[in-house]
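Let me begin by presenting the structure, written as structure tokens, before commenting on it.
The values are calculated or read from the model by the stated rules, or taken from the named source; none is laboratory data. Just so it is clear, the structure is predicted and the values come from calculations on it, not from any experiment. As a convention, Cβ positions derive from the backbone with ideal geometry for all residues, glycine included, and neighbour counts pool all protein chains shown. Please note that ligands, DNA and RNA were not included when accessible areas were found on the heavy atoms of the full protein model with its side chains. Shrake-Rupley method; radii C 1.70, N 1.55, O 1.52, S 1.80 Å.
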Amino acid sequence: MCPICEGARFVRVTADPEDPRFGRTVPCECATREDSSARRARLLRYSRLGALARLTFGTLVHRGRTNDPDVQARYAEAVAIAQRFADRPEGWLVLTGPHGAGKTHIAAAIANRVIERGEAALFLTVADLLDHLRAGYQEDAEQAYDELIEQVRTAPLLILDDLDAYSETPWAREKFFQVVSHRFNAALPTAFTTSKAPSEADERLAARLTDPSMTQIVEVAGTSSPRYLGIGAMSRERLADFTFESFDPDGYSLAPEQRASLRGAFLKAREWADAPEGWLVLLGVTGCGKTHLAAAIAGQRLAAGDRVAFVNVPDLLDALRPGREEDAVELLRRVREVPVLILDDLGAQKSTPWAEEKLYQLLNHRHLARLHTVVTTNQGLGEMEPRIASRLADSNVSRLQEITAPDFRTMGRREMVARPPEDAPPSASRARAPRPRR
């Protein structure tokens, strides 16, 4: 046995925690002297892939097993991202999607691609890892606890399959977090698979799994999803009535500051629809035009090819009410994960602890995952549940746009309150009325 690596075949670059290379490992000299077949056999033993050694990118159906072109394209994109990660493992990769979508095959293919290059990758299901750690406490354990956890913490590339199993007990959560936290602090390449959204993990783990500076989250599409999800009265057909062209910010007699706020919201909404970035929050009284602008954004993003959900908050909460658990879980998942979410009329719901918690779960997930979101509300931030207000007010993610114009339904149209001069031509009194805004 090599006295330097003690059979592990890898040594640490440095023991100095201040060194940027701290935590990284390199092959020992004894490993570099192996021939290719011996190295591959050793790396396969180290990897713990077992029967999964047959799952490679070469045996993968790169466009999935569906005839839906949208799903095929999204699946192919996920595979391409995984291949790039395998060619140059850096940071963290989280593969998320429904059971049977092919996440484990992609994860195993990453490990096999790395092994083909003569480099090391350790592949473990989370449940197996926790079982091995428990067994490591026993005197006759195949691998002692300290040895195993050190191997997992410092593996050059670690792939953890089925993250959903990590939280079965407080002990399991704590041990798993120790592994994840070490690898996060040392910036060691790590890949995860999970059927749940990463933000559904406990707060400490979710913060690391969704950190945009470290982690890339990739949805592995397994089934076809409609491009438009409407919850409430805003059907896809009705979107056609709410466009930027039919919105007239100068169509009513308004005070100068009111008109300026309405025009500013119009310009900001159109800018966001052209190039979505972070969140857009439209604040104002009922009837000032928020829903019209939000629907115009939805229509434009649909035309650009995005999947969009337009969700009225009271109707969403009604659909999630207790007693419809199975449907509610899937519906909430779809709303959480949709690339563009329009959350209309926040604040119109009946406020209960249950409702506030559901809305917080939804908004917190999208905040952590930095998913494009538009919110309309007639509440001020000070009137909202503090955790929700905090997410909406985060200037790193969200842009607030207040509309001070009043409800158009309670005021006359401009041509009704501003009579034309007596010497004006007859046509001046028949100016086209703007289409109503919501």
For the range 172-180, does any single residue satisfy the condition of being buried (at least 19 other Cβ atoms within 10 Å of the Cβ) and polar (S, T, N, Q)?
no
Residue in the range 362-378 that is under 17 Å from GLU200 (Cβ atoms) and over 15 Å from the mean Cα position of the chain (by Cα) present:
no
Run down GLN72, GLN83 and say which single residue is closer than 18 Å to ALA121 by Cα and either at pLDDT 80 or above or touching a helix residue (DSSP H, G or I) at 6+ places or on another chain (Cβ under 9 Å) (or both).
GLN83
List the residue pairs whose Cβ atoms are under 9 Å apart, where the first residue sits in the range 130-141 and is over 18 Å from VAL180 (Cβ atoms) and open to solvent by 100 Å² or more (accessible area, probe 1.4 Å), the second is at pLDDT 75 or above and not in a helix (DSSP H, G or I), and the two are 6 or more positions apart or on different chains.
TYR137/ALA144
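Only residues that are among the charged types (D, E, K, R), open to solvent by 30 Å² or more (accessible area, probe 1.4 Å) and either under 20 Å from ALA269 (Cβ atoms) or part of a helix (DSSP H, G or I) (or both): list them for the range 307-355, please.
Answer for the range 307-355, where residues must be among the charged types (D, E, K, R), open to solvent by 30 Å² or more (accessible area, probe 1.4 Å) and either under 20 Å from ALA269 (Cβ atoms) or part of a helix (DSSP H, G or I) (or both): ARG307, ASP315, ASP318, GLU325, GLU326, ASP327, GLU330, ARG333, ARG334, GLU337, ASP345.
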Taking the range 111-157 and keeping only residues that are out of contact with any Leu (no Cβ under 8 Å at 6 or more places or on another chain), under 25 Å from ALA80 (Cβ atoms) and either of a type in the set (A, V, I, L, M) or part of a loop (DSSP other than H, G, I, E, B) (or both), one is left with ARG117
Looking at ASP211, ASP164, can you tell me which residue is open to solvent by 30 Å² or more (accessible area, probe 1.4 Å) and part of a loop (DSSP other than H, G, I, E, B)?
ASP211
Just the residues that are of a type outside the set (D, E, K, R), part of a helix (DSSP H, G or I), open to solvent by 20 Å² or more (accessible area, probe 1.4 Å) and touching a residue at least 40 places away in the same chain (Cβ under 8 Å), please, taken from the range 262-306.
GLY264, GLY299, GLN300
Check on GLY230, closer than 26 Å to MET384 by Cα and under 28 Å from the mean Cα position of the chain (by Cα)
yes
